[in-house]
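To keep things clear, I will list the structure first and then write my remarks on it.
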Amino acid sequence: MHVFGLTGGIGSGKSTIASRFRARGLPVIDSDTLARAVLAPGSVGLAALVEELGPWVLQADGTLDRAAVARLVFADSTARARVEAITHPRIRQLREAQLLALKRGGEPLVCNEVPLLVEVGLTNVLRPLVVVSASEDHQLARASARDGASLEAVRARIAAQLPLREKVALADHVIDNDGELCATLARADEVLAAICRTFEIDPERYPRP
Ligand code: ATP
């Protein structure tokens, strides 16, 4: 089974491409979803985080105060390392379990969507690497409209990541998402067909929705 990578910048269109791949029947493992799962209400991971940082990480209803923890790790690299020591091994374990299940199910190809794929050093592991790119103006407009966040807040999140052009420079396939959605989806289909050819997988396995 081959596992390729999908990444990009904030609001560049990663989830849009992942949805297209899923609609064509390709399994996609989304690292953001795994990261949420390991800190879900009642999870061992969430209990470990409370133990490590204190009960302030919980909201009144017992769920994770994601915004408060995000503020802390954004401002304090030591705290970030303490949080990651709890989350990363659990995310890895969950990912391995999902990959194993897909392999046992006979899947020849899997996409792994990882927002910080390049930043965490997975470029050599997840090949081919697909990078979804968009201009900063589009990133700002789309992410702020989607999240109801200010342009300033989105700009700060973009600045905290590696510049998108550096990710594009490392890509095997780039999906330019500055145009109409239908053009982006057509390009995603092309890229999926090219990856299938690389691994001698019949592209008809993933028919158009
Ligand atoms: P993040 O990392 O911030 O979660 P992302 O890279 O996964 O973002 P998406 O959620 O796919 O990005 O896209 C951001 C927003 O822009 C979404 O609301 C999506 O519907 C919209 N969008 C994506 N591509 C286009 C496009 N070509 N035209 C118009 N809107 C788009």
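On full extension of the chain, what length is gained from LEU53 through ALA194, given 0.36 nm per residue of separation minus the C-alpha to C-alpha distance?
Fully extending the segment from LEU53 to ALA194 adds 46.1 nm.
Per-residue ellipticity at 222 nm for the chain, helices alone: DSSP H runs ≥ 4 residues times -39500 (n - 2.57), over residue total, nearest 500 deg cm²/dmol?
When only DSSP H runs of four or more count, the value is -16500 deg cm²/dmol.
Give me the extension gain from THR123 to ALA68: residue separation times 0.36 nm, minus the current Cα-Cα distance, reported in nm with one decimal.
Residue separation times 0.36 nm, minus the Cα-Cα distance, leaves 16.8 nm.
Based on the Cα gyration tensor of the range 38-106, what are the three equivalent ellipsoid semi-axes, each the root of five times an eigenvalue, rounded to whole Å and given largest first?
Each semi-axis is √(5λ); the values are 26, 14, 9 Å.
At a 1.4 Å probe radius, carbon and sulfur cover how many percent of the accessible area of the range 38-106?
Looking at the range 38-106 in its full context, I get 57 percent from C and S.
Local charge sum around VAL73 (other residues, Cβ-Cβ under 11 Å, Lys/Arg +1, Asp/Glu -1)?
Around VAL73, the charge tally is +2.
Sorted by accessible area with a 1.4 angstrom probe, largest first, how do THR123, THR16 fall?
So, going from the largest accessible area down, we get THR16, THR123.
Could you calculate, for the chain, the ratio of the Cα radius of gyration to the Kirkwood radius, expressed as Rg to Rh?
Ratio value, two decimals: 0.98.
Which helices, counted as full DSSP H runs in the chain, have an axial Cα extent of no less than 24 Å and a Kyte-Doolittle average of 0.0 or above?
Taking the DSSP H segments of the chain (at least 24 Å long, mean hydropathy at least 0.0), we get 181-198.
The values are calculated or read from the model by the stated rules, or taken from the named source; none is laboratory data. None of these values were measured; they are calculated from a predicted model. Glycine gets a Cβ as well: all are built from the backbone with ideal geometry, and neighbour counts include every protein chain shown. For accessibility, only protein heavy atoms count, side chains too; no ligands or nucleic acids. Shrake-Rupley method; radii C 1.70, N 1.55, O 1.52, S 1.80 Å.
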